[in-house]
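What follows is a set of notes on a single structure, which appears directly below.
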C-alpha cells in the first residue's frame with residue numbers, strides 16, 4: 001500500500017486554502033470600490049436633485065463597479081453565470 005508523506009499533503013492544502021483567501025480579498029476590494037462609487041453617486045444626487053446630468057459619470061462608475069463586484073463574487077463562489085444588469 002502506498003502512503004503519502006504529510007508534507008506534500010499539507011503543502012497542497014495550504015495552497016488551495018490560499019486560493020480561497022485571495023478570492024475573498026478580491027471580493028472585499030470589489031465590494032469596497034462599489035460601495036464608494038455608490039456613495040459618490042448618492043452624494044451627487046443629493047447635490048443635484050433637480051438635474052441628474054452632472055451625476056452621469058458617477059452613475060456610470062457605480063454601475064461598472066457593481067458589475068465588477070457581482071462578477072467577482074460569482075467567481076469567488078466557484079463560477080457559474082451572474083446577471084450583471086443594473087436597474088435604473
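The values are calculated or read from the model by the stated rules, or taken from the named source; none is laboratory data. Note that this is a predicted model, so its numbers are computed, not measured. Because the Cβ atoms are built from the backbone with ideal geometry, glycine has one as well, and the counts that use them run over all protein chains shown.
If we scan the stretch 44-51, do we find a residue that is in a helix (DSSP H, G or I), at pLDDT 60 or above, under 12 Å from the mean Cα position of the chain (by Cα) and surrounded by 12 or more Cβ atoms within 10 Å (Cβ to Cβ)?
Quick first cut of the stretch 44-51, residues in a helix (DSSP H, G or I) only: 44-47.
Applying the additional criterion that residues be at pLDDT 60 or above yields 44-47.
If we keep only those that are under 12 Å from the mean Cα position of the chain (by Cα) too, we end up with none.
Checked against the condition, which is being in a helix (DSSP H, G or I), at pLDDT 60 or above, under 12 Å from the mean Cα position of the chain (by Cα) and surrounded by 12 or more Cβ atoms within 10 Å (Cβ to Cβ), the stretch 44-51 yields no hits at all.
When each of 69, 41, 62 is tested for being at pLDDT below 95 and surrounded by 13 or more Cβ atoms within 10 Å (Cβ to Cβ), the lone residue that passes is 69.
Going by the structure shown, is residue 57 at pLDDT below 90 and either over 12 Å from the mean Cα position of the chain (by Cα) or part of a helix (DSSP H, G or I) (or both)?
Working: at pLDDT below 90: no; either over 12 Å from the mean Cα position of the chain (by Cα) or part of a helix (DSSP H, G or I) (or both): yes.
Considered against the rule, which asks whether it is at pLDDT below 90 and either over 12 Å from the mean Cα position of the chain (by Cα) or part of a helix (DSSP H, G or I) (or both), residue 57 comes out as no.
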